[in-house]
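The values are calculated or read from the model by the stated rules, or taken from the named source; none is laboratory data. Because the structure is predicted, anything quoted here is derived from the model rather than measured. No Cβ is skipped: glycine too gets one built from the backbone with ideal geometry, and neighbour counts run over all protein chains shown.
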Amino acid sequence: MKVNIHELKKKSEVEIKGVQPITLKGVNPLHPSLDCDAQVEGTVTKVGSRYVVKGIATTVVKLLCDRCLEEFDCPIQAEIYQRYSTNPNEEDEDIFSISGFEIDLEDVITEAIVLAVPMKWLHDASCKGICKVCGVNLNKQSCQCDADEIDPRLEGLKNIFHPQSEE
Ligand SMILES: [Zn+2]
Ligand SMILES: [Zn+2]
């Protein structure tokens, strides 16, 4: 998604609205490179030689549930805020320089989406996960295992490593 800064010659603000295809790397082990489309809405405001891009990017990212390991669609909404400058002597490192007449928003949108991906991925807050004993997906099937059952030989170790876990 590109913004032509010539559009800001006569007015101080332009709206941006469109779809930015992005590629996410490393967020889903099944898809090392994951393509998705981000819907972007926002504004570009001109302040002297600087341009401020503000907006919201929304997309749906395929993630793996941490508990049941099933793939699910996770809606993501990310805030975009980035300043740019046409001044070649700009000293502020947080301000990206514009070369040419265009601001390319792809990297900024991709980064915002990556940062907005939650640390803990659950397909549903009530996901029952996988039985640690027999491995069935407990959301789909039930089993007869007692998941809390711990081999008595391991019980001693558990207390060494997690002395508080016996509450
Ligand atoms: Zn799950
Ligand atoms: Zn089981």
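Based on what the data block shows, is residue 15 within 30 Å of residue 141 (Cβ to Cβ) and either at pLDDT 90 or above or within 16 Å of ligand 2 (Cβ to nearest atom) (or both)? Working first, answer last.
Numbers: within 30 Å of residue 141 (Cβ to Cβ): no; either at pLDDT 90 or above or within 16 Å of ligand 2 (Cβ to nearest atom) (or both): yes.
Judged against the criteria, residue 15 is not a match.
Considering every residue within the stretch 1-10, establish whether at least one is buried (at least 16 other Cβ atoms within 10 Å of the Cβ) and within 15 Å of residue 111 (Cα to Cα). Taking every residue of the stretch 1-10 in turn, at least one turns out to be buried (at least 16 other Cβ atoms within 10 Å of the Cβ) and within 15 Å of residue 111 (Cα to Cα).
The single condition among (1) part of a strand (DSSP E or B); (2) more than 26 Å from the chain's Cα centre (by Cα) that residue 100 does not satisfy is (1). Taking first residues from the stretch 108-134 that are farther than 15 Å from residue 75 by Cβ and partners that are of a type in the set (S, T, N, Q) and within 16 Å of ligand 1 (Cβ to nearest atom), the Cβ contacts under 7 Å between residues at least 6 apart in sequence or on separate chains come to 127/139; 128/139; 130/137. Can you find, within the stretch 56-74, the residue that is surrounded by the fewest Cβ atoms within 10 Å (Cβ to Cβ) among those that are modelled with pLDDT of 95 or more and of a type outside the set (A, V, I, L, M, F, W, C)? Filtering first and then ranking leaves 58.
Number of residues in the stretch 52-93 that are under 30 Å from residue 8 (Cα atoms) and not in a strand (DSSP E or B): the value is 8.
Inside the stretch 27-38, can you point out the residues that are surrounded by 11 or more Cβ atoms within 10 Å (Cβ to Cβ) and more than 15 Å from residue 104 (Cα to Cα)? Don't jump to the end; show me each part of the working.
To start, the set of residues in the stretch 27-38 that are surrounded by 11 or more Cβ atoms within 10 Å (Cβ to Cβ) comprises 27-28, 31, 34, 36-38.
Residues satisfying the conditions are 27, 28, 31, 34, 36, 37.
The residues of the stretch 107-134 that are farther than 18 Å from residue 52 by Cβ and either away from ligand 1 (no atom under 16 Å from the Cβ) or in contact with a strand residue (DSSP E or B) (Cβ under 7 Å, 6 or more places away or on another chain) (or both), listed by number, are 110, 113, 114, 115, 116, 117, 121, 123, 130, 133, 134.
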